[in-house]
Amino acid sequence: MKKETIGDRIKLRRKSLQLTQKALAAQLAVSHVAVSQWEKEETQPRGENLLRLAEVLSCAPAWLIDGEGQVFVLPSTHTGQQIPQLEQTALDNWLVTGLVSGDEISVSVDTPCSAGSFALRLEENAMQPACQRGDVLLFDPEVLPQPGHYVLAKHPQQGYLLRVWRPRQSEQGEHYFELAALNPDYPLLRSTQHTLQVVATLVEMRRRF
């Protein structure tokens, strides 16, 4: 049985949204030849093209890359809600008390979020090419992750990490989860091997140039 490829998933989402290759290309500001090459696996979308493609196709970049997870991008509603952009050193206090110092930047969100939502600037390269160092990520602790969603998790030694959440079950029926990076240079983390705490789910991502 042929293994589904990134090209297959692009084609599947495009057709489910009733888009032609030319229509998709127009929304991405690329040529229809580029879309055709992606679907034929002649080339792969990377960087900003991957992010924009996932947005237009209403699916997670991680799902496009490896088939894990489900659609999670919600349509923009322009709520006007403001959430604090925190430093990682202030995150522990925010998650426990919901209080900030008052010096934080406020970020406007498009997707309705819970009162405990917050933004962080990404400080590592583990989620390249989908997420780059310096991107501003918006998280909601009240959103339960689904397989393939991006989550913020706390590692006892490494601090807060952005990873893909993958629930698993052992042969003995024990439930656990994995945290996967998109960058192959970063190891897979398992809750059976580390004390890992998922604290929030990614709801918006913004590229800063």
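The values are calculated or read from the model by the stated rules, or taken from the named source; none is laboratory data. Just so it is clear, the structure is predicted and the values come from calculations on it, not from any experiment. All Cβ positions, glycine included, derive from the backbone under ideal geometry; neighbour counts span all protein chains shown. The protein model used for the area step is the full one, side chains on, heavy atoms only, and it has no ligands, DNA or RNA in it. Shrake-Rupley method; radii C 1.70, N 1.55, O 1.52, S 1.80 Å.
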Test: Lys11 is more than 16 Å from Glu55 (Cβ to Cβ) and in a helix (DSSP H, G or I): yes
Neighbours by Cβ (under 7 Å, 6+ apart or cross-chain): first from segment 120-131, closer than 18 Å to Val109 by Cα and open to solvent by 10 Å² or more (accessible area, probe 1.4 Å); second among the hydrophobic types (A, V, I, L, M, F, W, C) and in a loop (DSSP other than H, G, I, E, B): Leu122/Cys131
Segment 158-202 - residue that is in contact (Cβ under 8 Å) with a residue 24 or more places away in the chain, of a type in the set (Val, Ile, Thr) and open to solvent by 10 Å² or more (accessible area, probe 1.4 Å) and, of those, farthest from Ile83 (Cα to Cα): Thr195
Test: residue in segment 37-57 that is open to solvent by 10 Å² or more (accessible area, probe 1.4 Å), polar (S, T, N, Q) and under 18 Å from the mean Cα position of the chain (by Cα): yes
Within segment 27-36, considering residues that are of a type in the set (A, V, I, L, M) and open to solvent by less than 80 Å² (accessible area, probe 1.4 Å), the one nearest to the chain's Cα centre (by Cα): Leu28
Failed item, numbered, when Tyr186 is tested on (1) under 22 Å from Gln88 (Cβ atoms); (2) of a type in the set (Phe, Trp, Tyr); (3) assigned to a strand (DSSP E or B): (3)
Residue count for segment 85-110, restricted to those that are under 20 Å from Glu124 (Cα atoms) and free of Cβ contacts under 8 Å to residues at least 40 places away in the same chain: 5
Number of the exception - His155 against (1) within 17 Å of Ala62 (Cα to Cα); (2) surrounded by 15 or more Cβ atoms within 10 Å (Cβ to Cβ): (1)
Candidates Pro167, Pro112, Pro129 - the one that is in a loop (DSSP other than H, G, I, E, B), over 13 Å from Val199 (Cβ atoms) and over 14 Å from the mean Cα position of the chain (by Cα): Pro112
Failed condition for Gly148, given (1) under 26 Å from Ala90 (Cα atoms); (2) open to solvent by less than 20 Å² (accessible area, probe 1.4 Å): (1)
Test: residue in segment 72-90 that is of a type in the set (Phe, Trp, Tyr), at pLDDT 80 or above and either surrounded by 13 or more Cβ atoms within 10 Å (Cβ to Cβ) or in a helix (DSSP H, G or I) (or both): no
Residue within segment 136-151 that is more than 20 Å from Ile83 (Cα to Cα), modelled with pLDDT of 85 or more, touching an Asp or Glu at 6+ places or on another chain (Cβ under 7 Å) and outside any loop (DSSP other than H, G, I, E, B) present: no
Yes/no for Leu24 being among the hydrophobic types (A, V, I, L, M, F, W, C), open to solvent by less than 20 Å² (accessible area, probe 1.4 Å) and out of contact with any Ser or Thr (no Cβ under 8 Å at 6 or more places or on another chain): yes
Top-ranked residue in segment 26-49 [being part of a helix (DSSP H, G or I) and at pLDDT below 90; ranked as farthest from Leu64 (Cα to Cα)]: Ala26
